[in-house]
Amino acid sequence: MKTEFFIGYRYLMRKTGRKFVSFISAISMIGIALGVMSLIVVLSVMGGFEKELKEKIIGTYPHLSIESLEGIFDYNQVIDEIQNQELVVSASPYLLGEGIIRYKEYASGIILRGIDADREKKVTNIDKYIVKGILPNNNFEIVLGSELVKQIGISLKDKVKLITPLSARPVDFTLVGIFESGMYEYDVNLVFIDLFSAQKIFDAVGLVNGIGVRIEDPYKTNHIKRNLIFDLGLSYQIKSWQDRNKNLFSALKLEKTTMFVILTLIVMVACFSIVGTLIMIVMEKTKDIGILKSLGASNRFVRKIFTYQGTIFGIGGSFLGGVLGLGICYILSEYQFISLPEDVYYINTLPVQIQWLDIGIIVFSAIFLSVIASIYPAICASKLNPADAIRYE
């Protein structure tokens, strides 16, 4: 152990001397610990929230959507061409439109998605979200979200009426399935019917307005997107799941950055208290510093003593804050005792995802700020004149 570190450690851990200085030292370390703990918990929760949203969006909608305003007539041929692309797993046609669903006295606007059930299973996770019944396979069968089912009070095998801008009169559909994606917006607004029925009620027999594509890695959509634009031409609009939710993820990223900056200020405030603590230690140990310098200790030697003290503050506070933060994250993820309103936050429990890179940055930043805070007191201590330091002792 270096002599400078040993002396700095003994100054902090002494059992005699001014109790007030020891109390302030403890407060400084606790302040750093609270800042580190808050950063770990908040960033882990926000990371979990972002992960949950991405998983639910990817599970409900395709990784890539290829659409045409004029409609796609030869969609089977286009699907074959898409599936020849590297990293493409599967593709499925769909017909998307808007309508009104009516059941007894209830009526609501919905987003209608006509699908080929067998192909759709290979592109999205909609079949895994079915909690009751099955996907629509035959004419005039419909699948509703769990929240919409709760609102209208419908049961399986009941009939609902669908009204679209192109339908002359309401069309009866039989409820054959209920899905629950965990996203309130989808579960209350999104409705699935079979592709052939959608083509009938939208007067679009033989065509679709989009093709959903699933790729091996949903985060490599840009590469596949460029290849498809080159192969299919500019007559098609190709959007990834990131493109469709760009504003949402940009807002989450901005919020995460803002919270990091705000909570880092807590650590900075604690580091300012380190400055005061070390200055008081310098004043208390003036005689000791004078004796050390009289014995030949250099200015650099004295600076290191107090710089190491700041490092001890940072390491101790970061360790304590890290243990507390990870402990709270574990409790939140294991027991999920905090519930959220689904219509506001899309999910019903507080999600947590521990991101070790973020934790590393937080701990490094706390230690770095602690070392920076110790520089001024260390310089003041190193400039003490030995004769002045022990003159009145």
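Every number in this text was worked out from the coordinates using simple rules, so none of it is lab data. Treat the numbers as computed from the prediction; the structure is a model and nothing was measured. Cβ placement follows ideal geometry from the backbone for every residue including glycine, while neighbour counts extend to all protein chains displayed.
Annotation for the range 284-304 versus the range 60-113: alpha-carbon center distance of 76 Å.
Structure remark: mean-square fluctuation, Gaussian network model of the chain, C-alpha springs under 10 Å; the largest value among Phe306, Phe49, Phe230 belongs to Phe230.
Between Glu147, Glu105, Glu216, the residue with the greatest mean-square fluctuation in the GNM of the chain (Cα pairs under 10 Å linked by springs) is Glu105. Within a straight-line Cα-Cα reach of under 16 Å, Lys304 can be paired with the following aspartates and glutamates, leaving aside sequence neighbours fewer than 8 residues apart in one chain: Glu4, Asp288. With 5 Å bins beginning at zero, the pair-distance distribution over Cα atoms of the range 269-390 amounts to 2, 11, 16, 14, 11, 10, 9, 7, 6, 5, 4, 3, 2, 1, 0 %.
Once R0 is set to 56 Å, what does the formula 1/(1 + (r/R0)^6) return for the Cβ-Cβ distance between Asn84 and Asn385, expressed as a FRET efficiency to the nearest 0.05?
Numbers: r = 82 Å, r/R0 = 1.46.
Using R0 = 56 Å, I get an efficiency of 0.10.
With one equal scatterer per alpha carbon and no solvent term, the Debye-computed log10 I(q)/I(0) for the chain at 0.13, 0.14 1/Å reads -1.03, -1.13. Dipole orientation for the chain: of the candidates Ile238, Leu190, Cys380, Cys380 has the Cα lying most toward the positive pole (charges on Cβ; Lys, Arg +1; Asp, Glu -1). Evaluating 6.51 cos²θ - 1.76 cosθ + 1.60 at θ = phi - 60° for every residue in the range 129-146, the Karplus couplings come out as 8, 5, 9, 9, x, 9, 6, x, 10, 10, 4, 6, 10, 9, 10, 10, x, 4 Hz, glycine and proline recorded as x. Comparing Tyr103, Tyr335, Tyr219 in a Gaussian network model of the chain (Cα springs below 10 Å), the most mobile by mean-square fluctuation is Tyr335.
Could you tell me what percent of the DSSP beta bridges with both partners in the range 88-215 are antiparallel, to the nearest 5? Please report the intermediate quantities before stating the final value.
Values: 29 of 39 bridges.
So the antiparallel bridges in the range 88-215 amount to around 75 percent.
Shape summary of the range 232-311, radius of gyration then Dmax from alpha carbon positions: 26.8, 84 Å.
Once whole DSSP H runs in the chain are found, which of them have Cα atoms spread over 18 Å or more along the helix axis and a mean Kyte-Doolittle score of at least 1.0? Working shown, then result.
On the way: long enough: 19-60 (61 Å, 1.25); 246-284 (57 Å, 1.57); 299-335 (54 Å, 0.71); 356-382 (38 Å, 1.92).
Correct list, ordered by number: 19-60, 246-284, 356-382.
Per-residue Cβ neighbour counts within 10 Å put Glu98, Glu86 in the sequence Glu86, Glu98, beginning with the fewest. Kirkwood radius for the range 88-215, taken over all pairs of different Cα atoms as the inverse mean of 1/r, rounds to 14.4 Å.
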